[in-house]
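Notes to accompany the following structure.
Every number here is computed from the coordinates shown, using simple stated rules; none is lab data. Everything quoted here is computed from the prediction, not taken from an experiment. Here Cβ is always computed from backbone atoms with ideal geometry, including for glycine, and neighbour counts include all displayed protein chains.
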Amino acid sequence: MSKRSFLKSSITVPVALVFLLSATVTNADSNKPMPATSSTILANKAVYNELNFSDKKDFDDAHKGFIAPLIMEPIKNSKGTVVWDSNQYAFIKEDVTAAHTVNPSLWRQAQLQNISGLFKVVEGVYQVRGQDLSVLTIVEGKTGLIVLDTLSTVETAQAAMELYFEHRPKKPVTAIVISHSHVDHFGGIKGIAQYAANPAKVPIIVPTGFNEEAISENVLLGTIMSRRAGYMFGNLLPANEQGFVTSGIGPGLSNGTFSYLPPTMEIKDDVQTVEIDGITFKFLLTLHTEAPAEMHYYINDYKTLVVAENTGHTLHNIYTLRGAKTRDTLKWVEALDETIDLYGSEEIDAMVTAHSWPIWGKDQVIEQLKSQRDLYKYIHDQTIRLANLGFTADEIAEKIELPESLDKVWANRGYYGTVKHNVKAVYNHYLGYFNGNPSDLDPLPQEEAGTKYVEYMGGEKNILKQAKLDYKKGEYRWVAQVLKHVVMANPNNTEAKNLLAKAYEQLGYQSESSVWRNFYLTGAQELRNGVANAKGSGGMMNLDTLLNMHIDDFLNFLSIKLNGTKAENQEMTINVMLSDSKTNYVITLGNAVVNYKEGPVAAEADVTLTLNKVSFYLIALGQQDLDSMEAAGKVSITGNKEQFKEFLTLLDKFDPKVNIVTP
């Protein structure tokens, strides 16, 4: 077994030594995190021998151009609730080595991401880093400011702009450029637009398909994706050495207010040059890469390349564990190659990414692009090779190791994505979830399977007895795998849940990936204490987003809320006449599905509603009462009003606190 394989698996130490050291690994309060075990301490110490921690180039770059620190006063929303507090990361210091509960490589990444404040990239291009998960970049135009991406919430975006204005001339925002369709890059848009001379008319420039993809990812699956994102980004974990330390691509997520404004201009050509406030931008569409709608661009006047999130200081996700469409690895590779070809002949003083610190110098920029191009290409090609040799996704994930020329590059380490789950993503992209074994065609659901596993393995007590021994040996992966069955069979078995939580913790402490760490530690926390209330505004799934949705997108959203079981044998036709847009829609319910069509109203509809779009959305979402809106003159109803009320009762309300680690 290679050193890297050895580190990726649980390290086994002599049983006598484990029992000797395990006496110090106790915890009087079973509801609180455990310290690192001897196995975890040895695993994390071994990382120092694997990587070159004496290389300080990234730290030099992360400090370069520093102008001013962040304003450390906690940021509050309109209700007075704290939505961002940079003070929580004060425990992450550059001169402090990693605690035993943090993988040293991940700790290094946390230290780098904690270098925050206002920075000058080059003359005319500035960044605010560490104010949110993503980076705010400001380009100084001829008359005002061109803002590149807007952070994820209104409050953090506003704070970032105010920090910039403290140290640079206060000019109006003349344009906003959004690099791709992920909410951490457009959710703060209203916090930026307010600084425009006319916020309602500020140009918003996006890649083609942006609106559709932003809505699709963040609304149709918004509830479950937000829940899983809470695991992925450690939203409910305390920030400390036994909890959250970094998101890998930045600090934590803001708990502030997500906002949305529709774009005013789409970049539609593969290569397109646009002058924005007197500054020349040369755009390159990179669709179906890290996001379905994404683009790179070169700012000619400042010799600066912007590459969105297709390259950065970590291996990224071909599949993101919060749940999203699997990315096309070859498209990603092609985009990086096209970027080298298109901009390689230009003078490049700096390259800016959507997260973390820039890279300076053309040679370093091209080297980074080539290295990450080959990183994704290697994962793709070797996965396909091994799949053709008959290996399954799980087997391939255990077999593939990066060549040293890629593996030892700090920017290629798996702080966000990992080789293992990216391999499975490539496999799934081509071959789907099925591994070809007939036994896996129709497996039992995890609760039923858990009951049978427990029965076959001699009952809960027998499993726990063996799991305790394996835990002491440091075999945490196996302990987690087997105890899942006990918990799914009997979620009231507190002893099993506590031991499973302890196994999750040790796996989290050893993880180089922030995402894996956060998943493990959040799972442990919920096993002990149950599902806590989510922080913040509830993600992109909020009224501001919904009210900016096109009616077709909204009706698709209503369609997926229909409870098919309750709707069986129900039939109805509903006319919706939108007074503000002068458009009509016919909604039909039959065969337990909702269909809709724009056009002439149905002559024999059960009910017809005449109202504006906002009123329809509010009523359909249960935000406003139909009778009250009718009494206020905001809706006119003909036909059987009770039919529409019945329709609304067939729509599910999605629970943002669904269980993950328990049934």
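Key figures
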| item | result |
| --- | --- |
| Packing-based order for 160-168, 265-273, using average beta carbon neighbours within 10 Å, highest first | 160-168, 265-273 |
| Protection proxy ranking, peptides 626-636, 315-325, 173-183, average beta carbon neighbours within 10 Å, highest first | 173-183, 315-325, 626-636 |
| Under 16 Å from the Cα of Lys465 - aspartates and glutamates, other chains or at least 8 residues apart | Glu455, Glu475, Glu495 |
| Over 26 Å between alpha carbons, listed pairs Lys56/Lys424; Lys566/Lys645; Lys561/Lys645; Lys190/Lys645; Lys120/Lys190; Lys303/Lys370 | Lys56/Lys424; Lys190/Lys645 |
| Beta bridges by DSSP in the chain, antiparallel share as percent, to the nearest 5 | 75 |
| Whole-angstrom gap from segment 560-615 to segment 212-234, using each part's C-alpha centre | 27 |
| Relative contact order (%) - segment 264-326, alpha-carbon pairs under 8 angstrom, separation at least six | 20 |
| DSSP bridge orientation in segment 550-649 - percent antiparallel, rounded to nearest 5 | 80 |
| Listed peptides 505-516, 140-151, 338-349 by packing density, highest first (mean Cβ within 10 Å) | 505-516, 140-151, 338-349 |
| Per-selection Kirkwood Rh - the chain (Cα, Å, 1 d.p.) | 26.8 |
| Ellipticity estimate at 222 nm from DSSP helix runs (n ≥ 4, -39,500 (n - 2.57)) divided over the chain, nearest 500 | -11500 deg cm²/dmol |
| Cα gyration tensor shape for segment 550-649, rounded if a/c is under 1.5, else prolate or oblate | rounded |
